[in-house]
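Following: one structure in structure tokens, then a few remarks.
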Amino acid sequence: MAGSGVWGTPWGGEGGTGVKTWEFIIPDGARLTKIDLSSGDALDFIRFTYKDQYGTHISEKFGGDGGSSHSITFADNEFLIGISGRVGSFDGSTVITSISFETNISTYGQYGTNPGTDFSFGVTRGKISGFYGKYGSYVDSLGVILHPYVA
């Protein structure tokens, strides 16, 4: 996987047969405007939308087709400062079983209901500039890409 920034160790599992790797990087000068996801007992899929000088861009859908759909739309002055969730066993694999997003304005979630081991990541300096991981029928793993603050 290419890209600059600091790639944190992903949470979750390695996936099974047919698992794919994924990454989503917010380009310089762009801002994250929306996160679409689906969840039930696990995080079924996640998709990102960003806006730049050329318009609105929607990422590929990373994951499967199950669960209930949710959309998080960010205000113009809103940005991510943290994520948290759980990793657990579901349908024979280790996957992301729940997720929440924290911005400078609000917290969204918990999406997903299955128990598991907690994880969290917060930003005090710098910004979340992307995500990556593995997926199949569910989001197997999720990591954060951070662009550190440079003085």
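The values are calculated or read from the model by the stated rules, or taken from the named source; none is laboratory data. Worth saying up front: this structure is predicted, and the values here are computed from it rather than measured. Because the Cβ atoms are built from the backbone with ideal geometry, glycine has one as well, and the counts that use them run over all protein chains shown.
Tell me, please, whether a residue that is under 18 Å from G143 (Cβ atoms) and surrounded by 13 or more Cβ atoms within 10 Å (Cβ to Cβ) can be found in segment 67-80.
At the first step, the residues of segment 67-80 found to be under 18 Å from G143 (Cβ atoms) are 80.
When the remaining residues are screened for being surrounded by 13 or more Cβ atoms within 10 Å (Cβ to Cβ), the result is 80.
Yes, some residue in segment 67-80 is under 18 Å from G143 (Cβ atoms) and surrounded by 13 or more Cβ atoms within 10 Å (Cβ to Cβ).
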For S89, which of the numbered conditions (1) surrounded by 14 or more Cβ atoms within 10 Å (Cβ to Cβ); (2) at positive phi fails to hold? (2)
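Quick test for you: out of S129, S141, pick the one residue that is at negative phi, modelled with pLDDT of 95 or more and either surrounded by 20 or more Cβ atoms within 10 Å (Cβ to Cβ) or part of a loop (DSSP other than H, G, I, E, B) (or both). Talk me through it step by step, then tell me what you get.
Values: S129 fails: modelled with pLDDT of 95 or more.
When all the criteria are applied, what remains is S141.
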Search segment 111-125 for residues that are under 23 Å from S69 (Cβ atoms) and pair each with any residue that is polar (S, T, N, Q) and surrounded by 11 or more Cβ atoms within 10 Å (Cβ to Cβ) when their beta-carbon atoms are under 6 Å apart and the residues are at least 6 apart or on different chains. Y111/S39; G112/S39; G112/T97; G112/S98; N114/T97; G116/T97
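Restricting attention to segment 9-33, which residues are assigned to a loop (DSSP other than H, G, I, E, B) and either of a type outside the set (S, T, Y) or crowded, with 16+ Cβ neighbours inside 10 Å (or both)? Write out each step before concluding.
We begin by selecting, within segment 9-33, every residue assigned to a loop (DSSP other than H, G, I, E, B); these are 9-10, 13-19, 26-30.
Passing the criteria: P10, G13, E14, G15, G16, G18, V19, I26, P27, D28, G29, A30.
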Hey, any hits in segment 67-82 for a residue that's part of a strand (DSSP E or B) and free of Cβ contacts under 8 Å to residues at least 12 places away in the same chain? no
Condition check: closer than 19 Å to E23 by Cα, surrounded by fewer than 22 Cβ atoms within 10 Å (Cβ to Cβ) and at pLDDT below 95. Does P115 satisfy that? no
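Taking the options D44, D36, name whichever one is farther than 18 Å from I145 by Cβ, without any contact (Cβ under 8 Å) to a residue 60 or more places away in the chain, under 15 Å from the mean Cα position of the chain (by Cα) and surrounded by 17 or more Cβ atoms within 10 Å (Cβ to Cβ). Talk me through it step by step, then tell me what you get.
Details: D44 fails: without any contact (Cβ under 8 Å) to a residue 60 or more places away in the chain.
Selected residue: D36, the only one of D44, D36 that is farther than 18 Å from I145 by Cβ, without any contact (Cβ under 8 Å) to a residue 60 or more places away in the chain, under 15 Å from the mean Cα position of the chain (by Cα) and surrounded by 17 or more Cβ atoms within 10 Å (Cβ to Cβ).
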State yes or no: is I58 buried (at least 17 other Cβ atoms within 10 Å of the Cβ), modelled with pLDDT of 95 or more and among the β-branched types (V, I, T)? no
